[in-house]
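Enquirer: Take this structure, written in structure tokens, and hold onto it; I'll ask about it next.
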Amino acid sequence: MIASKASPDHSVLETGNLATPRHVAIIMDGNGRWAQKRGLPRTAGHREGVAAARRAVDAARDLGLKYLTLYSFSTENWRRPAGEVRDLMALLKQFIIDDLPRLKDQNVGVRIIGDRKNLMPDIKALVSHAEKETKGNNQFVLQIAFNYGGRDEILRTVRELAKDVSAGKLNADDVTEAIFSGRLDTKGTPDPDLVIRTSGEKRISNFLIWQAAYAEYVFVDALWPDFNADYFAKAIEEYSNRERRYGGVSGTTG
């Protein structure tokens, strides 16, 4: 675990020859606690969380990543107070409106993963617009998991495949991991090498549970609004010092 410090060591940004993951996914946790510690409404924590997300995108590009996935709103987050849900929806809209021109100019492709059927029409339209505007961008890919849940994604995929089998378009025995992965929201995106969770909690919270089967996890004590490039680089450094064996033994990948 990476402990929270008032002034993280800036030397960790010097990644040098460290092995950099291609795809990092982040569970952005701790906005509410950040606000509570300061006697502020939870909305203030979420606003600071958006600022941290911007820093994370910039840091990911500077660190040489190709893909970054941010867990911004889960299928379980609908259980929160209605006012907080409205604020989170408004923040997503504002993030896309404010940041899309910059992301587009920086050759960043934007993808939104999750179930869109419960989203308001204006948010659906904005999400589709962001994806369309950045479709050809390939220097870096930003995936935002919004109204996303790993179990929900798997269930939707199973239902889709079951319909194809029932219609005679597909044989059940021909369903492979590759075919299944190709029907997920993340199709076309490599599985995450590293998953980071902030706030000191050690749970996966229904996030990319198929895709992250062999990902490394790094848990950071810092609350999400305090997350910055130094914490990000330190997590990459911890990842680089691990050996990924994929079920094999030390020194092998088989």
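Read the figures in this text as sums done on the coordinates, not as results from a lab. Values in this document were obtained by computation on a predicted structure and should not be read as measured data. Methodologically, a virtual Cβ is constructed for each residue, glycine included, from the backbone with ideal geometry; neighbour enumeration extends over all protein chains shown.
Enquirer: In debye, nearest 20: dipole of the chain around its Cα centre with unit charges on the Cβ of K, R (+) and D, E (-)?
Expert: 640 debye
Enquirer: Another question about this same structure. Show me the ranking of peptides 164-173, 90-99, 208-217, 106-115 by mean Cβ neighbours inside 10 Å, starting with the highest. Each step should come with its number before you reach the end.
Expert: Working: 164-173: 10.7, 90-99: 15.8, 208-217: 17.8, 106-115: 19.5.
Order by mean packing, descending: 106-115, 208-217, 90-99, 164-173.
Enquirer: Let me ask another. If R0 is 22 Å, what FRET efficiency do you get for Lys124 and Val158 from their C-beta distance, rounded to 0.05? Spell out each step's value before the answer.
Expert: Working: r = 24 Å, r/R0 = 1.07.
Efficiency, rounded to the nearest 0.05: 0.40.
Enquirer: Between the stretch 15-83 and the stretch 181-226, how many Å separate their Cα centres?
Expert: 12 Å
Enquirer: Any chance you could run the full-extension gain for Asn171 through Glu133? It's 0.36 nm times the residue separation minus the Cα-Cα distance, nm to one decimal.
Expert: 10.0 nm
Enquirer: Here's something else I'd like to know. Can you sort Glu237, Glu160, Glu243 by how many other beta carbons sit within 10 Å, fewest first? Let's see the in-between values first.
Expert: Working: Glu237 19, Glu160 13, Glu243 10.
Placing the least packed residue first, the sequence is Glu243, Glu160, Glu237.
Enquirer: If you don't mind, there's one more thing I want to ask. Would you please classify the overall shape of the stretch 130-197 from the alpha carbon gyration tensor, given that a ≥ b ≥ c denote the square roots of the eigenvalues, rounded means a/c under 1.5, and beyond that prolate means a/b larger than b/c while oblate covers the rest? Before the final figure, lay out the partial values.
Expert: Values: a/c = 2.10, a/b = 1.76, b/c = 1.19.
Prolate, since a/c reaches 1.5 and a/b exceeds b/c.
Enquirer: Pairs of lysine in the chain with Cα under 13 Å and at least 8 positions apart or on different chains: total?
Expert: 5
Enquirer: Here's a follow-up. Take the alpha carbon atoms of the stretch 101-132, find their center, do the same for the stretch 151-180, and report the distance between the two centers in whole angstrom.
Expert: Comparing the Cα centres of the stretch 101-132 and the stretch 151-180, I get a distance of 26 Å.
Enquirer: Now for a different question. Calculated from DSSP H runs of 4 or more alone, at -39500 (n - 2.57) each and per residue, what is the 222 nm mean residue ellipticity of the chain, nearest 500? It would help to have the intermediate numbers written out before the result.
Expert: Details: 7 runs with 99 residues, N = 254.
That calculation yields -12500 deg cm²/dmol at 222 nm.
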